[in-house]
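**Q** Pasting a structure here, questions to come.
We did not get these values from a lab; they are worked out from the coordinates using the rules stated. Since this is a predicted model, take the numbers as computed values, not measurements. Cβ sites come from the backbone with ideal geometry, for glycine too, and all protein chains shown count toward neighbours.
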Amino acid sequence: MIHENVVCPFCGCLCDDIVVTTEDNQITDVKNACAISKSKFLNHHVNMLESALVDGKEVSMDEAVDRATEILSSADNPLIYGLSSTECEAQRHAIHLAELLGATIDQTASVCHGPTILGTQDAGCVKCTLGEVKNRADLIIYWGCNPAEAHIRHFRRYSVFPEGLFRKGRNEREVVVVDVRATASARIATTFVKTEPGTDFENISLMRAYLKGKRDSLPDELRDLVEKMKTCTFGIIFFGLGLTMSKGKHLNVDAALRLVRDLNEFTKFSITPMRGHYNVTGAGSTMAWVTGYPFSVNFALGYPLSNPGEFSAVDVLARKECDAALIIASDPAANFPAEAWKHLADIPTIVMDPKVSLTTRIAKVSIPVATAGIEAEGTAYRMDGIPLRLKKIVQTSRPSDAAVLTKMIEKVRA
Amino acid sequence: MKIVLLSGRTTKQGVAAEIGKTSDDYLQNVAVIQLNPALMDQMGVKDGDRIEVKTLHGSAVVMCHKSDIEENMGFIPYGPWANLLIGSETQGTGMPDSKGTEAEIEKTDKNVESVDELLTRIVEGRK
Ligand code: SF4
């Protein structure tokens, strides 16, 4: 059977033109996908969590969910973390569960584009869709990101190469890459601007001062870049973890957002974060419309409070403040500093994941679930905030994240 | 030798993670550090040799690969090995300093730890 227009559940590009062939409920071929997407579809059944586990012993699904709910209900300060690699309905249930438990809930943005959210709360953000970029942008700037390795089809589908309404191809667009090293993405750029690590805030602030006529001189490369920005017809900055993870963090993003705002005095300019996990944008949106805050939320007082640094997962773990954890569609033992995740081995940790992960290796309870976007449907948000529908293309007896969380909610309420 | 440590995504890391993080592919593609060839010559190491990387926060043994990165930098893909080297201080943002940590590197005969060895060391070591 051939499934057309499948949405790829891997990165924030959320490509919606994947063609997947299944035979006897097995994926046999994947077209239009990049290497990572192909690997995700074709290997989705490899290294699966075969059965529910409690203390390393196989148990029934019901027993595992019972045990998980007991652990969470009896904890004083449970942590719920993950969310960005599952669909929005599951995210909504996870937030509901956090509210019932008086838990802390955080999503993976806190270790990727959390600083982007903080910067946006401060400065606002001039946004547009990827469709507008494809149709109109004549200046495309990738700042501190490497789509050639991380968002592989971004160039082809949305920015550099596609045939848009008013921009027909590569030669009608100028591409600039700003980074601390000459990445694979820098190779396709018209201009590569190399910066020193940790100098983004300084560079962007200088550019803003020059743009506003408060400064006459600027290093050549930066001056040329500002001139390009001022004189283009429709410009866009795509930025990545080069800004959010290095010195300055949210202040770097804040400066970039303000630079784009300033540029709109001269021309049309927008800015979009290159979101990593396919539904991390959805996790932020869902948390924001349910709790009022996009990440790092605590329900201990019965109502939501948000404070990154206090209720963010890395901090809660590093300070050993939680006494139980529920990890949904994420692998903090692989992705967090060891100094932080090791607390997960000290407390009862519950993991909901389709696959064996590093965190399932140290978990007390492991619950195998359907892979969202392959074995379960749902909604996900693309990096520009456009919601798309994930498809179910393979049947499975495993419950979806949403189904498991619904059961936990019923049990906590009972 | 002192370097500034960078970390990020690579296609190979993404592909291998989907096969499984306990797979050999993952180890081969993620437990690596990309260094400038001139720096490797100075250190007397070649492609595939093992390097011990130390920071204030911990240490990791990884294989070195040639790359066109600057001489004063090293790049380790996101993953458990890179995460041995960064701290958990977030300065009130939730985000640890994952890029731009200072590190000391030297040639070593120690083995690259497998994912399981690494987990065991951290879990045992915390007591
Ligand atoms: S670019 Fe991202 S969304 Fe598109 S196919 Fe590749 S992994 Fe999937």
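**Q** With a Cα-only, solvent-free Debye model of segment A:101-153, what are the log10 I(q)/I(0) values at q = 0.19, 0.28, 0.31 Å⁻¹?
**A** -0.98, -1.20, -1.16
**Q** With +1 on the Cβ of every Lys and Arg and -1 on the Cβ of every Asp and Glu, and nothing else charged, how large is the dipole of the protein assembly as shown about its Cα centre, in debye rounded to the nearest 20? Display every interim value, and only then the final one.
**A** Working: 60 positive and 70 negative charges, 267 e Å.
It works out to roughly 1280 debye.
**Q** To check you understand DSSP bridge types, tell me what percent of the beta bridges within segment B:2-123 (both residues inside) are antiparallel, rounded to 5.
**A** On the way: 14 of 23 bridges.
Of the beta bridges lying entirely in segment B:2-123, close to 60 percent run antiparallel.
**Q** Near A:K249, which lysines are there with a Cα under 17 Å away, not counting those fewer than 8 places off in the same chain?
**A** B:K99
**Q** Okay, moving on. Calculate the all-directions average of the projected area of segment B:22-67's alpha-carbon convex hull, and give it in nm². Let's see the in-between values first.
**A** Working: hull surface 14.5 nm².
It is 3.6 nm².
**Q** If you don't mind, another one. Could you compute the longest span of chain A free of trypsin sites (Lys or Arg not before Pro) located in DSSP loops and having at most 11 other Cβ atoms within 10 Å, not counting the site residues?
**A** Values: sites that count: A:K168, A:K212, A:K214.
Here the longest segment lacking exposed loop sites spans A:215-414.
**Q** Check which residues have an amide H placed less than 5 Å from A:L326's amide H, if you skip close sequence neighbours.
**A** A:L79, A:I80, A:Y81, A:I350
**Q** Out of the GluC sites (Glu not before Pro) in segment A:155-192, which ones are loop residues according to DSSP with at most 16 other C-beta atoms within 10 Å? Can you show the working numbers first?
**A** On the way: sites: A:E163, A:E172, A:E174; in loops: A:E163.
Qualifying residues, ordered by number: A:E163.
**Q** I would also like to ask the following. From the gyration tensor of the Cα coordinates in chain A, what semi-axes in whole Å does the equivalent ellipsoid have, largest first, with each one equal to sqrt(5λ)?
**A** Working: eigenvalues 303, 131, 56 Å².
With the √(5λ) rule applied to chain A, the semi-axes are 39, 26, 17 Å.
**Q** Still on this structure, I have one more. How far is helix A:61-74 tilted off the main Cα axis of chain A, in degrees rounded to 10, range 0 to 90?
**A** 80 degrees
**Q** Just tell me which lysines come within less than 21 Å, Cα to Cα, of B:K110; anything on the same chain fewer than 8 places away is out.
**A** Qualifying lysines at Cα under 21 Å: B:K2, B:K46, B:K54, B:K66.
**Q** Any idea what log10 I(q)/I(0) is at q = 0.11, 0.17, 0.23, 0.26 Å⁻¹ for segment A:126-210, Debye with uniform C-alpha scatterers and no solvent?
**A** -0.32, -0.73, -1.12, -1.25
**Q** Let me ask something else. So which GluC sites (Glu not before Pro) in segment A:254-356 end up in coil per DSSP with only 10 or fewer other C-beta atoms within 10 Å?
**A** Details: sites: A:E265, A:E310, A:E321, A:E339; in loops: A:E265, A:E310, A:E321.
Passing sites in segment A:254-356 are A:E265.
**Q** Using a cut-off of 26 Å between alpha-carbon atoms, which lysines can reach A:K407, once sequence neighbours fewer than 8 places away in the same chain are excluded?
**A** Within the straight-line limit of under 26 Å, A:K407 reaches these lysines: A:K57, A:K355, A:K364, A:K391, A:K392.
**Q** Follow-up. Would you grab the residues whose amide H sits under 5 Å from the one on A:D17? Only those 5+ places off in sequence or on another chain, please, with H modelled 1.01 Å from N.
**A** A:C8
**Q** Short version: ³J(HN,Hα) in whole Hz for each residue of segment A:391-405, in order, from phi by Karplus 6.51 cos²θ - 1.76 cosθ + 1.60 (θ = phi - 60°), x for Gly and Pro, what are they?
**A** Couplings: 9, 9, 10, 10, 7, 8, 8, 6, x, 6, 3, 4, 5, 5, 5 Hz.
**Q** ³J(HN,Hα) across segment A:292-306 via Karplus (A = 6.51, B = -1.76, C = 1.60, θ = phi - 60°), whole Hz, x for Gly/Pro?
**A** x, 10, x, 7, 6, 10, 10, 10, 4, 8, x, 9, x, 10, 10
**Q** Now a separate question. Expressed as a fraction of 2.2 N^0.38 Å, the rule-of-thumb size for a compact globular protein of N residues, what is the C-alpha radius of gyration of segment A:1-103?
**A** Numbers: Rg = 17.9 Å, N = 103, 2.2 N^0.38 = 12.8 Å.
Working it through for segment A:1-103, the quotient is 1.40.
**Q** Out of residues 5 or more away from A:F239 or on other chains, whose amide H comes under 5 Å of its own, with H placed 1.01 Å from N in the peptide plane?
**A** Under 5 Å from the amide H of A:F239 lie the amide H atoms of A:W143, A:T272, A:M274, each far enough along the sequence or on another chain.
**Q** Can I ask one more? Count, for each residue of A:111-118, the Cβ atoms from other chains sitting within 10 Å of its Cβ, then give me the mean as a whole number.
**A** Numbers: counts 6, 3, 1, 4, 4, 1, 2, 4.
Other-chain Cβ atoms within 10 Å of each residue's Cβ, averaged: 3.
**Q** Further question on the same structure: How big is the C-alpha Rg of segment A:64-129 next to the rule-of-thumb value 2.2 N^0.38 Å, as a ratio?
**A** Working: Rg = 15.1 Å, N = 66, 2.2 N^0.38 = 10.8 Å.
That ratio works out to 1.40.
**Q** What do you get for chymotrypsin sites (Phe, Trp or Tyr not before Pro) in segment A:157-224 restricted to DSSP loop and a cutoff of at most 13 other Cβ within 10 Å of the site's Cβ?
**A** Numbers: sites: A:Y158, A:F166, A:F192, A:F201, A:Y210; in loops: A:F166.
Sites meeting the loop and neighbour criteria: A:F166.
**Q** Further question: Put +1 on the Cβ of every Lys and Arg and -1 on every Asp and Glu Cβ in the protein assembly as shown; which of B:I19, A:P273, A:Q395 then has its Cα farthest towards the positive end of the dipole?
**A** A:P273
**Q** Under the Karplus relation 6.51 cos²θ - 1.76 cosθ + 1.60, θ = phi - 60°, what is the ordered set of whole-Hz ³J(HN,Hα) values for segment A:203-210, x standing for Gly and Pro?
**A** 4, 5, 5, 4, 4, 5, 4, 5
**Q** Right, another one. Which one of B:I3, B:G44, B:N83 is farthest out on the positive end of the charge dipole of chain B, using unit charges on Cβ (Lys, Arg +1; Asp, Glu -1) and the Cα centre as origin?
**A** B:N83
**Q** Right, another one. Taking the Cα centre of chain A as the origin and placing charges on Cβ (Lys, Arg +1; Asp, Glu -1), which of A:V180, A:A103, A:V404 is farthest toward the positive end of the dipole?
**A** Going by the Cα projections, it comes out as A:V180.
**Q** What is the helix-to-structure angle for A:250-263, meaning the angle in degrees between its Cα long axis and the longest Cα principal axis of chain A, kept from 0 to 90 and rounded to the nearest 10?
**A** Between helix and principal axis, roughly 40 degrees.
**Q** Please list log₁₀ I(q)/I(0) at q = 0.13, 0.17, 0.23 Å⁻¹ for segment B:2-123, using the Debye equation with identical point scatterers on the alpha-carbon positions.
**A** The Debye formula, applied to the Cα set alone, gives -0.48, -0.83, -1.45.
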